[in-house]
Amino acid sequence: MASRPQPHFPEPDTKPFWDGAKEGELRYQVCPSCNAVNFTPTAHCQKCGGRDLAWKVSKGEGTVYTYSVVMQNRIPGFQELGAYAVAYVDLDEGFRMLTNVMVDGNPLELVKIGQRVRVDFEKQDSGEYPIPVFRPI
Amino acid sequence: MAQTRQAAIGGIHEYPLRVAPGVSAMQIKAASLKAALDDAGLKWSDVDGLYDAGDGEGGGGLGLAAYLGLKPRVIDTTQVGGSSYEFHAAHALRDIAAGRVKVAVTTYGSTAASSRIAIGTGGRGGGGSWQTNMEGPYGSTLISNYAMVKQRHMFQYGTTNEQLAQISVATRKHAMRNPEAVKAMQDLQFVGVNEITVENVLESRMVASPLRLLECCMVSDGGGAAVFVAPEIARDLKKKPVWIIGSGEATKYRENGGDITTSAGAQSGPAAFAQAGVSPSEIDIAMIYDSFTITVATCLEDLGFCKKGEVGSFIGDGHLAFDQPGLTINTDGGGLSSNHPGMRGLFLLLEATRQLRGESTSQVNGAKLAVAHGNGGLLGGTHTGGTIVLAAD
């Protein structure tokens, strides 16, 4: 079982995103004033400063923009993973998310730029928030 | 636009030790300031402008002047990561030109190696900010941020590991000619304190793919100081002034649909060259923040030394070393092979100054124009770019 670092609260900008994760929803924001897709979550639109952002639920599918396989990390929660892939995934709705691409096998061989991936809400040993990671489709 | 000579670097010092147990960062800052003022021929009490990135214990805008015993008229605590010192030079140029100060100083001290601060290997867990809540659960390390830029650069432009390794090879060649860098590698127990080949780089351990060990900077202690002076002061100093003729500042961060292979340097570089009235092709020597090979490669493109995506062929023939024709970089040995106490932007200014004075251990004969470009923060994430163009007297 996984025991990644959990998000910490109170933190008002990202709370709705993580509440979504508990519901199995990958949430993002859209600005009704300028139509910008807003991510990472903030209370204001990062394009126009508008304050009436609407929350949407992503279909959870996207493309690997870039990645790196971290060979070792002494931080608890990652030490036991062995080599793992950190990635930027471009979701189909138009936002880019820092995440992990999880594979069964050697990530150096199995993760690729341009790969299609789908979100998977990974349950954690400790902590109430599942972590949205991605797996190849 | 004609070159203007409104402010100069009048004194410098680089703290010689890379492992300094029992010494505090504040002590390194104070010792370096004294040595830099001595280098210029100025007195402690001449200092009227204090620029600081808050790197010392209990320092910053509130504590550093009290610790040093200075009474500055301008206090600037710009902290933008490793490029802070290029920003300080930019602000000193502005403040001196405006007549607010005549002798401005910036100092740096760090005991990263002795304190065993894991600058690059730890994940960023917890914290509870709008950033850490979105990044902490994924184990993104400092190095993996840069590695993601390299991965994308190779994918998008066909840049190769062999080409990027030339950066490590050239800086190690320079380091082996710099006694302080050699001692640094010995004191930090490098495996093989010698010149390296492209093959050595490609055979070194993978840290965060596709970045290998010999593409990553060291973690050392260290520090230094620079003294920025007004023209009327510059004329009477012990050494010839090195003129600050252009500056540029920028920041960049993850954006939806953004291009990770372009850094903040694409904004700060052209601004600095425009103010200086020179083009990249006129530059003799470039000090580019070499946290990793990909940092240098990306910034060389962004500063305009070659087109975006063409840095592989630009550096692939190994001309970056001081004894080869063409652009030379990082003649002190850089962060890869001389020192990296966490924020090494100051050392870019110091080595550029040594080159334009003719004092480098890998001197480029007749060097007249230099650029110092710092990249602070995380290249693949939130970062800053600070570009300074310098001219010999």
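Where the only charges are on Cβ atoms (+1 Lys, Arg; -1 Asp, Glu), what is the dipole of the stretch A:15-136 about its Cα centre, to the nearest 20 debye?
Details: 14 positive and 15 negative charges, 73 e Å.
In debye, rounded to 20, the stretch A:15-136 gives about 360.
For chain B, with a Gaussian network of springs between Cα atoms less than 10 Å apart, report the residue from B:G139, B:G326, B:G342 with the top mean-square fluctuation.
B:G139
Return one quarter of the surface area of the convex hull spanned by the alpha-carbon atoms of the stretch B:233-313, equal to its mean projected area, in nm².
Taking a quarter of the hull surface, the average projection is 7.2 nm².
Only loop residues by DSSP count here, and only those with at most 16 other Cβ atoms within 10 Å; note down the trypsin sites (Lys or Arg not before Pro) in the stretch B:301-393 that meet that.
Numbers: sites: B:K307, B:K308, B:R344, B:R354, B:R357, B:K368; in loops: B:K307, B:K308, B:R344, B:K368.
Passing both the DSSP loop test and the Cβ count: B:K307, B:K308, B:K368.
Taking K and R as +1 and D and E as -1, what net charge do the other residues with C-beta under 10 Å from the C-beta of A:E93 add up to? Could you put the intermediate results ahead of the total?
On the way: positive: A:K56, A:K59; negative: A:E61, A:D90, A:D92.
Residues close to A:E93 contribute a combined charge of -1.
Can you list residues whose amide H is under 5 Å from B:V242's amide H, if they're 5+ apart or on another chain and H is modeled 1.01 Å from N?
Result for B:V242 returns B:I9.
Among B:T382, B:I28, B:N161, flag the residue with its Cα farthest along the positive direction of the charge dipole of the protein assembly as shown, charges on Cβ as +1 for Lys/Arg and -1 for Asp/Glu.
B:I28
Consider a paramagnetic label point 7 Å from the Cα of B:F155 along Cα→Cβ; state which residues of the stretch A:95-112 have an amide N under 18 Å from it.
Answer for the stretch A:95-112: A:95-104, A:106-112.
Can you tell me the order of B:311-323, B:30-42, A:108-120 when each peptide is scored by its average per-residue count of other Cβ atoms within 10 angstrom, highest first?
Values: B:311-323: 18.7, B:30-42: 20.7, A:108-120: 16.2.
Output ranking for B:311-323, B:30-42, A:108-120: B:30-42, B:311-323, A:108-120.
Would you mind telling me which residue in B:N178, B:N256, B:N375 has the biggest mean-square fluctuation in a Gaussian network model of chain B, where springs connect alpha carbons within a distance under 10 angstrom?
In this elastic network of chain B, the residue with the biggest mean-square fluctuation among B:N178, B:N256, B:N375 is B:N256.
So who's got an amide H within less than 5 Å of the one on B:V207, skipping anything under 5 residues away but keeping other chains? H placed 1.01 Å off N, in plane.
When sequence neighbours closer than 5 places are left aside, the close amide H contacts are B:R212, B:L213.
For the pairing of chain A with chain B, what total accessible surface becomes buried, with a 1.4 angstrom probe, in square angstrom to the nearest 100? Write out the running numbers ahead of the final one.
On the way: alone 7820 and 14950 Å², together 19430 Å².
Chains A and B together bury roughly 3300 Å² of accessible area.
Multiplying the sequence separation of A:C48 and A:K123 by 0.36 nm and subtracting their Cα-Cα distance, what value in nm do you get? Mind showing how you got there, number by number?
Details: separation 75, 0.36 × 75 = 27.00 nm, distance 3.59 nm.
Full-extension gain reported as 23.4 nm.
Please label the shape of the protein assembly as shown as rounded, prolate or oblate, based on the square roots a ≥ b ≥ c of the eigenvalues of the alpha-carbon gyration tensor (a/c under 1.5 means rounded; beyond that, a/b larger than b/c means prolate, else oblate). If you can, show how the numbers build up before the last one.
Working: a/c = 1.78, a/b = 1.56, b/c = 1.14.
Taking the square roots of the gyration eigenvalues as a ≥ b ≥ c, the protein assembly as shown is prolate.
Convert each backbone phi in the stretch B:333-347 into a coupling constant with the Karplus relation 6.51 cos²θ - 1.76 cosθ + 1.60 (shift: θ = phi - 60°), then list the ³J(HN,Hα) values in order as whole Hz, x for Gly and Pro.
After applying 6.51 cos²θ - 1.76 cosθ + 1.60, I find x, x, x, 5, 9, 10, 6, 8, x, x, 9, 9, x, 4, 5 Hz.
Could you work out the mean count of beta carbons from other protein chains within 10 Å of each residue's beta carbon in A:5-13?
6
In chain A, if the dipole is taken from +1 on Lys/Arg beta carbons and -1 on Asp/Glu beta carbons about the Cα centre, which of A:G77, A:A43, A:V111 is farthest to the positive end?
A:A43
Among residues other than B:R254 whose Cβ falls under 13 Å from its Cβ, what is the net charge (Lys/Arg +1, Asp/Glu -1)?
Numbers: positive: A:R96, B:R152, B:K252; negative: A:D90, B:E135, B:E255, B:D259.
Residues close to B:R254 contribute a combined charge of -1.
If you take every residue apart from A:Y28 with its C-beta less than 15 Å away from the C-beta of A:Y28, what net charge results, scoring Lys and Arg +1 and Asp and Glu -1?
Working: positive: A:K15, A:R27, A:K47, A:K56, A:K59, A:R96, B:R254; negative: A:D13, A:D19, A:E23, A:E25, A:E61, A:D90, A:D92, A:E93, B:E255.
Counting the neighbours of A:Y28, the net charge comes to -2.
Between B:Q324 and B:K307, what is 0.36 nm times their sequence separation minus the Cα-Cα distance? Round to one decimal in nm.
Values: separation 17, 0.36 × 17 = 6.12 nm, distance 2.11 nm.
Result: 4.0 nm gained on full extension.
Using a Gaussian network model of chain B whose springs link C-alpha atoms within less than 10 Å, name the residue from B:W130, B:W44, B:W243 with the highest mean-square fluctuation.
Comparing B:W130, B:W44, B:W243 in the GNM, the peak value goes to B:W130.
When the dipole is taken about the Cα centre of the stretch A:1-41, and only Lys, Arg (+1) and Asp, Glu (-1) are charged at their Cβ, what size is it in debye, to the nearest 20? Kindly include the intermediate steps, with their values, before the conclusion.
Working: 4 positive and 5 negative charges, 19 e Å.
Charge dipole of the stretch A:1-41: 80 debye, to the nearest 20.
Toward the positive end of the charge dipole of chain B, about the Cα centre and with charges on Cβ (Lys, Arg +1; Asp, Glu -1), which of B:Y51, B:M218, B:G345 goes farthest?
Projecting each Cα onto the dipole axis, the largest value belongs to B:Y51.
Using the Cα centre of chain B as the reference point, and only Cβ charges (+1 on K/R, -1 on D/E), how large is the resulting charge dipole? Debye, rounded to the nearest 20. Don't skip to the answer; put the middle values down first.
Numbers: 32 positive and 37 negative charges, 99 e Å.
Dipole magnitude for chain B comes out near 480 debye.
When the Kirkwood hydrodynamic radius is evaluated over all pairs of different C-alpha atoms of the stretch A:15-136, what value in angstrom, to one decimal, is obtained?
Details: mean 1/r = 0.0651 Å⁻¹.
It is 15.4 Å.
Taking a cut-off of 28 Å, what percent of all Cα-Cα pairs in chain B are separated by more than that? Can you show the working numbers first?
On the way: 30931 of 77028 pairs.
The proportion of pairs with Cα distances above 28 Å equals 40 percent.
Which lysines have a Cα less than 17 Å from the Cα of B:K29, not counting those fewer than 8 places away in the same chain?
Filter leaves B:K43, B:K71.
Once you keep just the Cα pairs under 8 angstrom separated by 6 or more residues, what percentage relative contact order results for the stretch A:15-136?
Details: 248 pairs, mean separation 27.8, N = 122.
Reported as a whole number, the value is 23 percent.
Please give the FRET efficiency for A:V57 paired with B:S281, using the beta carbon to beta carbon distance and R0 = 41 Å, rounded to the nearest 0.05. Walk me through the numbers before you get to the answer.
Values: r = 52 Å, r/R0 = 1.26.
Rounded to the nearest 0.05, the efficiency is 0.20.
Can you give the average number of partner chain beta-carbon atoms within 10 Å of each beta-carbon in peptide B:140-147, as a whole number?
On the way: counts 9, 7, 0, 4, 11, 3, 1, 6.
Other-chain Cβ atoms within 10 Å of each residue's Cβ, averaged: 5.
Set the Förster distance to 45 Å, then compute FRET efficiency between A:F9 and B:E162 from the Cβ-Cβ distance, nearest 0.05. Present the calculation step by step, with values, prior to reporting the outcome.
Values: r = 47 Å, r/R0 = 1.05.
E between A:F9 and B:E162, to the nearest 0.05, is 0.40.
Can you tell me the FRET efficiency between A:N35 and A:E80 if r is taken as the Cβ-Cβ distance and R0 is 30 Å, rounded to the nearest 0.05? Walk me through the numbers before you get to the answer.
Values: r = 43 Å, r/R0 = 1.43.
E between A:N35 and A:E80, to the nearest 0.05, is 0.10.
Within straight cross-link reach of A:K22, meaning Cα distance under 29 Å, which lysines are found once same-chain residues fewer than 8 apart are removed?
The reachable lysines, counting only those whose Cα sits under 29 Å from A:K22, are A:K47, A:K56, A:K59, A:K112, A:K123.
Give me the inter-chain shielding for A:41-48: mean count of other chain Cβ atoms within 10 Å, whole number please.
Details: counts 3, 1, 1, 0, 0, 3, 2, 0.
Taking the mean over all residues of the peptide, I get 1.
The values are calculated or read from the model by the stated rules, or taken from the named source; none is laboratory data. From a predicted model like this one, the values you see are computed outputs, not experimental measurements. Positions of Cβ are backbone-derived with ideal geometry, glycine not excepted, and every protein chain shown enters the neighbour counts. Accessible surface areas use protein heavy atoms only, side chains included; no ligands, DNA or RNA. Shrake-Rupley method; radii C 1.70, N 1.55, O 1.52, S 1.80 Å.
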